[in-house]
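Trainee: For reference, the structure I am asking about is given below.
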Amino acid sequence: MKDEKLIKKTTEELLKKMTFKEVTVEVKKQQASPILVVSVNIEEDASRLIGQSGSNLNDLQRILRLLVSKQTPETPLFLLDINGYREKREAFLKELAREIAGQVAKTKKSVMFQPMSSYERRIIHLGLAERSDIVTESIGEEPERRVVVRPYP
């Protein structure tokens, strides 16, 4: 409970300093997970905070983690979401992964995703882990690391 209050307060203060006025911050514990979800709703143009493919959102999350870590001995795990972007992105990635896996199984040709964050790569890997007709692997170096879906040998 203490961590949730600290994260909420820090998030509100940071966004206020960034001149965002109409902001609602809610911190919830994820089901069956130690990760907290920081849901931010912004009336103003949230695309500035989210950025292309969530790049600004990831950077803002890193900044928040640094600010929180300076105020507590053990930094709690949390995920920042703005206007439901991560939730929508996760649903999109799961659907895309299913489509790509079907294509790879059918054509027997590998498909490479665009570079993405470790969080997004994990969504792809977990989403396709149950399939026995394909395999996934991450290749490359950050920030160009990406998922490749291959037919099972």
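Trainee: Go ahead and run the numbers for FRET between A105 and S53, Cβ-Cβ distance against an R0 of 22 Å, rounding to 0.05.
Mentor: Working: r = 26 Å, r/R0 = 1.20.
Once the sixth-power term is evaluated, E becomes 0.25.
Trainee: A further question on this structure: In nanometres, what is the gap between the two model label sites at K16 and S118, each 7 Å from Cα along Cα-to-Cβ?
Mentor: Each label point lies 7 Å from its Cα, and together they span 3.3 nm.
Trainee: Here's another thing I want to ask about it. Subtract the Cα-Cα distance of E4 and E90 from 0.36 nm times their separation in residues, and report this length gain in nm to one decimal. Present the calculation step by step, with values, prior to reporting the outcome.
Mentor: Values: separation 86, 0.36 × 86 = 30.96 nm, distance 2.33 nm.
This chain segment gains 28.6 nm when fully extended.
Trainee: Next up: Using the crude model of +1 on Lys and Arg Cβ and -1 on Asp and Glu Cβ, and no other charge, please compute the dipole size for segment 47-113 relative to its Cα centre, in debye to 20.
Mentor: Numbers: 12 positive and 7 negative charges, 59 e Å.
With Lys and Arg at +1 and Asp and Glu at -1, about 280 debye.
Trainee: Now for a separate question. How big is the charge dipole of segment 2-83 about its Cα centre, in debye rounded to the nearest 20, if each Lys and Arg gets +1 on its Cβ and each Asp and Glu gets -1 on its Cβ? Before the final figure, lay out the partial values.
Mentor: Details: 13 positive and 12 negative charges, 64 e Å.
Rounded to the nearest 20 debye, it is 300 debye.
Trainee: If you don't mind, another one. Of K28/K94; K8/K88; K8/K94, which sit over 25 Å apart, Cα to Cα? Kindly include the intermediate steps, with their values, before the conclusion.
Mentor: Details: K28/K94 23 Å; K8/K88 22 Å; K8/K94 29 Å.
Violating the 25 Å limit, Cα to Cα: K8/K94.
Trainee: Next up: Normalise the Debye intensity by I(0) for segment 2-83, one equal point scatterer per Cα, no solvent, then take log10 at q = 0.12, 0.17, 0.23, 0.25 Å⁻¹ and round to two decimals.
Mentor: Values, matching the q order: -0.31, -0.64, -1.16, -1.34.
Every read-out reported here was derived from the displayed coordinates using simple, explicitly stated rules and does not represent laboratory data. Since the model is a prediction, treat every value here as computed from it, not as a measurement. Glycine gets a Cβ as well: all are built from the backbone with ideal geometry, and neighbour counts include every protein chain shown.
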